[in-house]
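Since the structure comes first, as structure tokens, the remarks are kept for the end.
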Amino acid sequence: KTDNRQKPALERSEGTIDNRQGQGERKRQVLRVNSEKTASPTDGIARQYGIEIELILALIEAESDFDSNAISVHGAVGLMQLKPATAQELGLEVPNYPDERQPSPEPQVDERFHPLKNLEAGVKYLCSMLEQYDGQYVLALAAYNAGPRKVQKNGRLMSETERHVGKVLNNYYQYKAN
């Protein structure tokens, strides 16, 4: 089975996400390279943190399906699905909500809804997980998903986390192949 997905990248000039759906395509946000073929912010962030862009794209696809306004049932938000405490530790402004599952979708109020800030914070966090787990993608992705306290270097992962890691790695290998 061949996957004809293109590698998405953030639009450089606007820093926004194109949310339109093409005919016959499954609904997902497409992050495009600008017409000048210059490096996108995604490329720059990938280089800054030394992480393969394919891994970043694979994680975004699994976390939010490229929806910068995605909110999980657990209160994680944006492209990289950042929880409030994690986002605050990474330097994003996030108000203290009475119910974190009902955040304000305004980037001026909650920076997790700002696509570029969310992306950079999420990649920074992924980088720290990769450093903590000696570059081992499986453990770093598991820690990104479940939290580093729930992942031990020689321990067993929860089945939900195993499925998530498998999905990210599947996406990653598909992006690498294209």
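The values are calculated or read from the model by the stated rules, or taken from the named source; none is laboratory data. Not measured: the values here are computed from a predicted model. So basically every Cβ, Gly included, is an ideal-geometry build from the backbone, and we count neighbours across all protein chains shown. For the accessible areas, the whole protein counts, side chains as well, though only heavy atoms, and no ligand, DNA or RNA atoms are used. Shrake-Rupley method; radii C 1.70, N 1.55, O 1.52, S 1.80 Å.
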(message) Using +1 at the C-beta of Lys and Arg and -1 at the C-beta of Asp and Glu, which of Y125, H164, G91 has the Cα lying farthest in the positive direction of the dipole of region 80-178?
(response) H164
(request) Just the number, please: carbon plus sulfur as a percent of the accessible area of region 64-157, 1.4 Å probe, no ligands or DNA/RNA counted. (result) 46 percent
(request) Any chance you could list P(r) for region 136-178, counting all Cα-Cα pairs in 10 angstrom bins from zero, rounded to whole %? (result) 31, 50, 17, 2
(message) Could you tell me the calculated FRET efficiency between Q132 and A85, based on Cβ-Cβ distance and R0 = 30 angstrom, to the nearest 0.05?
(response) 0.95
(message) With viscosity set to 0.890 mPa s at 25 °C, what whole-number translational diffusion coefficient in µm²/s follows for region 83-132 from Stokes-Einstein and a Kirkwood radius over Cα pairs?
(response) 219 µm²/s
(request) Please work out whether region 29-171 counts as rounded, prolate or oblate from its C-alpha gyration tensor, where a ≥ b ≥ c are the square roots of the eigenvalues and a/c under 1.5 means rounded, while otherwise a/b larger than b/c means prolate and anything else oblate? (result) oblate
(request) Using the charge dipole of region 49-168 (Lys, Arg: +1 at Cβ; Asp, Glu: -1 at Cβ; taken about the Cα centre), state which of F66, G147, Q102 has its Cα farthest towards the positive end. (result) G147
(request) Kindly report the accessible area of region 68-171 per residue (heavy atoms of protein chains, probe 1.4 Å, no ligands, DNA or RNA), in Å². (result) 53 Å²
(message) Could you check the spin-label model distance between N170 and E52? Points 7 Å from the Cα along Cα→Cβ, value in nm.
(response) 1.8 nm
